[in-house]
Structure formats: C-alpha cells, structure tokens
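Heads up: the structure comes next, in structure tokens.
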Amino acid sequence: MRNILLAAMIFVLTAACSSPAQRPESRGPDYQQVKEIVVDVLQTNEGKRAIKEMMKDPEFKREVVIATQDMEKAIAKALQDPKSQKGLENVLKKREVAKNFAEVTRKEQKQLMKQLMKDPEYQKLLLDVMRDPEFEDNLLHLMKSRKYRQEMPKIMEEALETPSFQKKMEKLLEDAVKKADQKKKKDGSKGSSG
C-alpha cells in the first residue's frame, strides 16, 4: 500500500519535473493538475492506509514530536526576545490576527479569569481599581454616552437569551417571591395578634 502511494508520488513528481522536450506540451507543469492528482491519490483507500501506516511508524512519530518540540522552543524564544515582542505587538494590532488569536485562546483566557477571580490579591486589586474616583468618573462618562446607550439593550437581550442567565433570573425571582410571602405571613401574624 505504502509502495503504491510512493510510486504515485514519484510518478507525479517525475512528470512535473521532466524537461519540456520530453513532455507533449512545452509549457511548465500545471500546478493545479499535479495538486488534484496528489489529492486524488491521498483520498483513495490505499492512500489512506499508507498514511495510517506512516503515522504508526516510530521514526515518523519521533520526527513529528521533535518538530513540535522545536516549534514550541522557537515560539517560547520569540516571545521572550524583546525584539520579537515589538513585532508581535504590531502583528496583534491587526484586527483579523487579534480576532483569530482571541478565538484560539478563549478557553485559556476563561480559565485564567476564573483562577484570578478566586485569588484574594487579585480581588483586592480589582476592588481598589473600582473604588478609584477616576475609574468611577470614567465609568459614569461611558454610561452616559450615546454609543453605550445604543449597545446596552442589545447586550441585555443577548444576556436574557442565555440559558444560564435565565436560570439565575428564575432563581432570583423565586427567592424574591418566597421572601415576599414570608414577609406577608409575618405581617399577617402581627396584625392578627394585635
């Protein structure tokens, strides 16, 4: 099976790399045609089996692991290098890149926020920031802006449609009704005894 795949790839590469005099048409190799042939070969049962066998090969696995480790080291080194950090900042300023990065790291960011919210030192810092008069002024200014007022109803609608938010609201309403009933009973028993 593996030999069939290798033979097909060698044939494709030989045909693509042969000199113009040997080919019936004298123009260069048609990339799209070569690509389609390779994709077709890879989608056959033999091609799939050959790839599975290759993935089981210990040597291939070792090379993949080494390549992954090299990539991780390169990324770690680039992130720690001050020169690279500036370039990375510029790349992340691009809207599409920032959006994709946020999508990829969303799970990790959520986990980090959960951990931070449990951290007493972070809680204290957050409270200090929120108590800062300058922060309050900025927040009030933001809440009075037209853009904020236009966006707020949309945010509220989205929140109300979220099942977890709906459950919390139901629980709050149930608790409020129970408290109101208890207050009525207390007030009723006071009125009847007096």
Checklist entry - In this structure, does ASN100 turn out to be over 17 Å from the mean Cα position of the chain (by Cα) and closer than 30 Å to ALA78 by Cβ? => result no
Next on the checklist: For the stretch 42-87, which positions are within 30 Å of ALA98 (Cα to Cα) and not in a helix (DSSP H, G or I)?
Outcome noted: ASP81
Checklist entry - Pairs, please: C-beta under 9 Å, at least 6 apart or cross-chain, first residue surrounded by fewer than 13 Cβ atoms within 10 Å (Cβ to Cβ) and in the stretch 44-60, second among the aliphatic types (A, V, I, L, M) and assigned to a helix (DSSP H, G or I)? => result MET55/VAL64; PHE60/MET54
Checklist entry - Only one of GLU136, GLU108, GLU96 is surrounded by 10 or more Cβ atoms within 10 Å (Cβ to Cβ) and either free of Cβ contacts under 8 Å to residues at least 12 places away in the same chain or among the charged types (D, E, K, R) (or both); which? => result GLU136
Next on the checklist: Cβ-Cβ under 9 Å, sequence separation 6+ or interchain: first residue in the stretch 162-183 and among the polar types (S, T, N, Q), partner in a helix (DSSP H, G or I). Which pairs?
Outcome noted: GLN166/LEU160
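Bear in mind these aren't lab numbers, they're just calculated from the coordinates by the rules spelled out. Remember, predicted model here, so these are calculated numbers, not experimental data. Cβ: placed from backbone, ideal geometry, glycine included. Neighbour counts: every protein chain shown.
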